[in-house]
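Novice: The structure under discussion is supplied below as structure tokens; questions concerning it will follow.
The values are calculated or read from the model by the stated rules, or taken from the named source; none is laboratory data. On a predicted model such as this, the values are computed, not experimentally measured, just so you know. All Cβ positions, glycine included, derive from the backbone under ideal geometry; neighbour counts span all protein chains shown.
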Amino acid sequence: MKLNDAVIGLFLTLLGVAVLWIVQDYPKIPGQQVGPALFPGLIAAGLCIGGVMLMIGGWRQRAQVPMFQWEDWVRSPRHVRALVVLIGSVLFYMVASLSLGFVLTSFLILTALFYALELPLGRSVLIAVIATLVIHFAFYKLLRVPLPWGILTNYAW
Amino acid sequence: MWIAVEQAFGMVFEPYTLMVMVLASLYGLFVGAVPGLTATMATALLVPVTFFMAPIPAIAAIVTATAMAIFSGDIPGCLLRIPGTPASAAYTDEAYAMTRKGQAEVALGAGLVFSAVGGMFGTIVLVVAAPALAEFATQFSSFEYFWLVTLGLTCAVFITSTAPIKGVITLFLGLLVSCVGLGNPAGFPRFTFGNIETLGGIGMIPMMIGMFAFSEIMRYVVDTSPPAEVVVEKVGNVLKGQWKLAKKYPLQILRGSVLGTAVGALPGAGADIASWMSYAMSKKLSKEPEKFGTGHVEGIVESGAANNSALAGAWIPALVFGIPGDSITAIIIGVLYMKNMNPGPSLFTTNPQNIYAVFLLFIVANLIMIPMGILCIKVARRILKVPRNILMPIILVFCIVGTFAINNSIFSVGVMLAAGLVAYVLEANKFPIAPAILGVVLGTMLEENFITSMIKADGNLLAFFTRPIAAALAVFTILLWATPVLMALLRRRRGAPA
């Protein structure tokens, strides 16, 4: 995803303005000139200046650099699918791991990812099972990370 | 002092630590040799594991893994023409050209031997310079620290980006992230949006795993370039002829090591930039520059030494001032804090045995690099054949479990995802990542010293310049800021009359 600097500059300026607006309400420390708003305020001001400079530079180049441009992979359904599955699997883990438990969630996202990266379905399932069990053993048993069991709590090993 | 050194020996040459080092070197060699997995990524993914170790084994794991990864990044460069880590990119074409000429052994051997030599040189500088600097740093007040951090951040911006404005912006983004939470001098919750998870600030390690591991997986997933073929059938004795090379290019080895250590010690720039600069310098100063690019070993000798010496160099500011020399030490500083070995001059006086142990770890890591490296080259063909469509999803689960392990929260996984996406978009648009990392790591320190200095100065900004060392650092920093402006003016004046 390639963006013209002007687009990024605009976004950064808006971010800077938002931060400046938020820090306005921060309390003053009695008897001191410096409070919690000063440091983020200075950074936000810097972001605004930098953002405007990028906007000016990007606008000058608008003839050569389009405002928005996708890379090659966007035209390849296989790659787009893999990226969607990748980001989707992290989101799925965040939503589902507590209720489904680590073992099931990890198995599902690994199978989906292997399959999306063009492994045959049977191999995907098999490797996902092995990898999940190995990672679970390493982190849950050896390193004692409290990975959730979810619906498998009654069968925990 | 000798008691401390003895204690350090005891801590390092203990079966557990040595076992960790052997395992970490296998891990580092593997990660470095697989294209698309970097040394920084190796470090970030190691942290959740080192979390459960004593301080010295934890540092041993990271030191060994990174040293090995920077060397083994040369292997796919030589055999596939794809650098295993960005630090090998500078001389990948050269090494591949040597392989085409049937000199793969020489190229790999030079990479290995002079990586170890460079690493050793960097270590010596670290051993000599760090305690001396620490002694000097005991006199620093908040003014000196303010300017030192500012200078470090400025260096990071200038050295990592072709367009300084982009570096400045990623730096500001990093500093802004460091503002989140309660950890500011006033103890006021900033940018928490009513969420309890953000009160303690945005976790460094989840962010690093996102920026260096998750974004790398993303890049792999959308990579459309066809797979490369291994051209070599068998690699012979890689040590043959290396002594002759060492005698032929002593100056190059020294130059590469010195430059590498110096670049490593500069905040923000590490092995990657050291090897590019060193390769360019080698070509410029060579007696036979026309041979560069055709499979000539000279540049590999010099920049192979440079990238490994940079690793040790980066530890100098990290240990003495808590200012990371590269993105690897940025992660390490986080680990040091977790292990109650807070970086700073007092680290050298209160528990000197820990520091000596760190020095010793570097020496051991560079010594075992040669046998382990030979082993790795022997099985290189197998490593290069590891199917990445199996490896990458497994690494993703490691990323998730690793971020979760840091404080057992799903929120961290979200931080990892967000940081990975932001890093991917920034990098696709040619924004350098290193200044952002330094901003996050140093933000709190910068603000603390800035606010303390402001309170001490009581509105009189001249106080920032009255102490001699502070003034010198300030002048140097401001001169650096002025350079791009002066250069632009100079160019305009030269351009105008003609």
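Novice: Of the conditions (1) more than 8 Å from chain B (Cβ to nearest Cβ); (2) touching a residue at least 12 places away in the same chain (Cβ under 8 Å); (3) basic (Lys, Arg), A:Lys2 satisfies every one except a single condition; which number is it?
Specialist: Status for A:Lys2: all satisfied but (1).
Novice: Are any of the residues in the stretch A:56-74 within 23 Å of the chain's Cα centre (by Cα), in a helix (DSSP H, G or I) and of a type in the set (A, V, I, L, M)?
Specialist: yes
Novice: Moving on to the next point. Got at least one residue in the stretch A:116-131 being touching a Lys or Arg at 6+ places or on another chain (Cβ under 7 Å) and assigned to a helix (DSSP H, G or I)?
Specialist: yes
Novice: What's the total number of residues in the stretch B:446-458 that are surrounded by fewer than 20 Cβ atoms within 10 Å (Cβ to Cβ) and among the aliphatic types (A, V, I, L, M)? Walk me through it before giving the result.
Specialist: Just the residues of the stretch B:446-458 that are surrounded by fewer than 20 Cβ atoms within 10 Å (Cβ to Cβ), to begin with: B:448, B:452, B:455-458.
Next cut, among the aliphatic types (A, V, I, L, M) only: B:455, B:457.
Number satisfying all stated conditions: 2.
Novice: Considering (1) more than 28 Å from B:Lys248 (Cα to Cα); (2) not in a helix (DSSP H, G or I), say which one B:Gly84 fails and leave the rest.
Specialist: (1)
Novice: Here is a follow-up. Could you go through the stretch B:238-245 and let me know if any residue there is in a helix (DSSP H, G or I) and without any contact (Cβ under 8 Å) to a residue 40 or more places away in the chain. Outline the logic, then answer.
Specialist: First, pick out the residues of the stretch B:238-245 that are in a helix (DSSP H, G or I): B:242-245.
Keeping just the survivors that are without any contact (Cβ under 8 Å) to a residue 40 or more places away in the chain gives B:243-244.
Checked the stretch B:238-245: at least one residue is in a helix (DSSP H, G or I) and without any contact (Cβ under 8 Å) to a residue 40 or more places away in the chain.
Novice: Looking for something in a loop (DSSP other than H, G, I, E, B) and small (Gly, Ala, Ser) - is there at least one such residue anywhere in the stretch B:202-211? Show your work before the answer.
Specialist: Start the filter on the stretch B:202-211 by keeping residues that are in a loop (DSSP other than H, G, I, E, B), which leaves B:202-203.
Now drop any that are not small (Gly, Ala, Ser), which leaves B:203.
The answer is yes, given that some residue of the stretch B:202-211 is in a loop (DSSP other than H, G, I, E, B) and small (Gly, Ala, Ser).
Rundown of residues vs (1) within 30 Å of B:Val128 (Cβ to Cβ); (2) at pLDDT below 90; (3) within 11 Å of chain A (Cβ to nearest Cβ); (4) over 21 Å from the mean Cα position of the chain (by Cα), yes/no style:
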residue	(1), (2), (3), (4)
B:Thr162	no, yes, no, no
B:Phe172	no, no, yes, no
B:Asn195	no, yes, no, yes
B:Met207	no, no, no, no
B:Asp223	no, yes, yes, yes
B:Lys240	no, yes, no, yes
B:Arg255	yes, no, no, no
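Novice: Continuing with this model, one more query. Which of (1) more than 24 Å from B:Thr452 (Cβ to Cβ); (2) within 14 Å of another protein chain (Cβ to nearest Cβ) is the odd one out, the single condition B:Phe158 does not satisfy?
Specialist: Unmet condition: (2).
Novice: Considering the stretch A:103-118 alone, what residues qualify as being within 8 Å of chain B (Cβ to nearest Cβ) and either touching a Leu at 6+ places or on another chain (Cβ under 8 Å) or at pLDDT 95 or above (or both)?
Specialist: So the first thing to find is which residues in the stretch A:103-118 are within 8 Å of chain B (Cβ to nearest Cβ), and the list is A:106, A:109-110, A:113-114, A:117-118.
Residues satisfying the conditions are A:Ser106, A:Ile109, A:Leu110, A:Leu113, A:Phe114.
Novice: Separate question: Using beta carbons and a limit of 6 Å, which pairs, at least six apart or on different chains, have the first residue in the stretch B:318-347 and part of a loop (DSSP other than H, G, I, E, B) and the second one among the hydroxyl-bearing types (Ser, Thr, Tyr)?
Specialist: B:Pro345/B:Thr138
Novice: For the stretch A:62-86, which residues satisfy the criterion of being closer than 30 Å to B:Ile165 by Cβ, among the aliphatic types (A, V, I, L, M) and either facing chain B (nearest Cβ under 7 Å) or in contact (Cβ under 8 Å) with a residue 60 or more places away in the chain (or both)?
Specialist: First, pick out the residues of the stretch A:62-86 that are closer than 30 Å to B:Ile165 by Cβ: A:62-74, A:83.
Narrowing the set further to residues that are among the aliphatic types (A, V, I, L, M) leaves A:63, A:65, A:67, A:74, A:83.
If the condition is that a residue be closer than 30 Å to B:Ile165 by Cβ, among the aliphatic types (A, V, I, L, M) and either facing chain B (nearest Cβ under 7 Å) or in contact (Cβ under 8 Å) with a residue 60 or more places away in the chain (or both), then A:Val65, A:Met67, A:Leu83 are the ones that fit.
Novice: One residue is enough: does the stretch B:360-378 have a residue meeting the conditions basic (Lys, Arg) and within 23 Å of B:Phe30 (Cβ to Cβ)?
Specialist: Step one: list which residues in the stretch B:360-378 are basic (Lys, Arg), which gives B:378.
Remaining after also requiring within 23 Å of B:Phe30 (Cβ to Cβ): B:378.
Within the stretch B:360-378, one or more residues are basic (Lys, Arg) and within 23 Å of B:Phe30 (Cβ to Cβ).
Novice: Return the only residue of B:Pro206, B:Pro226 being more than 20 Å from B:Ala87 (Cβ to Cβ) and in contact (Cβ under 8 Å) with a residue 40 or more places away in the chain. First the steps, then the outcome.
Specialist: Working: B:Pro226 fails: in contact (Cβ under 8 Å) with a residue 40 or more places away in the chain.
Result: B:Pro206 is the single residue among B:Pro206, B:Pro226 that is more than 20 Å from B:Ala87 (Cβ to Cβ) and in contact (Cβ under 8 Å) with a residue 40 or more places away in the chain.
Novice: Please find, within the stretch A:88-99, the residue that is farthest from the other protein chains (Cβ to nearest Cβ) out of those that are at pLDDT 95 or above and surrounded by 20 or more Cβ atoms within 10 Å (Cβ to Cβ).
Specialist: The extreme case among them is A:Ser89.
Novice: Quick check on the stretch B:51-66: of everything there that is of a type in the set (Val, Ile, Thr) and closer than 15 Å to B:Val31 by Cβ, which residue is nearest to the chain's Cα centre (by Cα)? I'd like the intermediate steps shown before the answer.
Specialist: Just the residues of the stretch B:51-66 that are of a type in the set (Val, Ile, Thr), to begin with: B:56, B:59, B:62-64, B:66.
Filter once more, so that each one left must be closer than 15 Å to B:Val31 by Cβ: B:62-64, B:66.
On the way: B:Ile62: 11, B:Val63: 11, B:Thr64: 13, B:Thr66: 9 Å.
Per the criteria, the residue is B:Thr66.
Novice: Taking the stretch A:21-37 as the search range and keeping residues that are assigned to a loop (DSSP other than H, G, I, E, B), more than 7 Å from every other protein chain (Cβ to nearest Cβ) and of a type outside the set (Lys, Arg), which one is farthest from the chain's Cα centre (by Cα)?
Specialist: Top of the filtered list is A:Gly31.
Novice: Follow-up. Within the stretch B:433-442, is there a residue that is touching a strand residue (DSSP E or B) at 6+ places or on another chain (Cβ under 7 Å) and within 14 Å of another protein chain (Cβ to nearest Cβ)? Break it down stepwise before answering.
Specialist: Going residue by residue through the stretch B:433-442, those that are touching a strand residue (DSSP E or B) at 6+ places or on another chain (Cβ under 7 Å) are none.
No, the conditions are met nowhere in the stretch B:433-442.
Novice: To continue, here is another question. Restricting attention to the stretch B:53-77, which residues are in a helix (DSSP H, G or I) and without any contact (Cβ under 8 Å) to a residue 60 or more places away in the chain? Show your work before the answer.
Specialist: Residues of the stretch B:53-77 that are in a helix (DSSP H, G or I), as a first pass: B:55-72, B:74-77.
Selection gives B:Pro57, B:Ala61, B:Ala65, B:Ala69, B:Gly77.
Novice: Scan the stretch A:107-157 for residues that are crowded, with 19+ Cβ neighbours inside 10 Å, within 13 Å of B:Val401 (Cβ to Cβ) and small (Gly, Ala, Ser) and jot them down.
Specialist: Selection gives A:Ala131 alone.
Novice: All but one of (1) in contact with a Leu (Cβ under 9 Å, 6 or more places away or on another chain); (2) within 17 Å of A:His136 (Cα to Cα) hold for A:Leu98; state the number of the condition that does not hold.
Specialist: Condition (1) is where A:Leu98 drops out.
Novice: Something else about it: Mind telling me which of the residues A:Leu10, A:Leu42, A:Leu47 ends up being surrounded by 13 or more Cβ atoms within 10 Å (Cβ to Cβ), more than 10 Å from every other protein chain (Cβ to nearest Cβ) and in a helix (DSSP H, G or I)? Steps first, answer last, please.
Specialist: Numbers: A:Leu42 fails: more than 10 Å from every other protein chain (Cβ to nearest Cβ); A:Leu47 fails: more than 10 Å from every other protein chain (Cβ to nearest Cβ).
Only one candidate passes the filter, namely A:Leu10.
Novice: Separate question: Suppose the filter is touching a helix residue (DSSP H, G or I) at 6+ places or on another chain (Cβ under 7 Å), at the interface with chain B (Cβ under 9 Å from one of its Cβ atoms) and aromatic (Phe, Trp, Tyr); does A:Trp59 pass it?
Specialist: Working: touching a helix residue (DSSP H, G or I) at 6+ places or on another chain (Cβ under 7 Å): yes; at the interface with chain B (Cβ under 9 Å from one of its Cβ atoms): no; aromatic (Phe, Trp, Tyr): yes.
No; evaluated as a whole, the condition is false for this residue.
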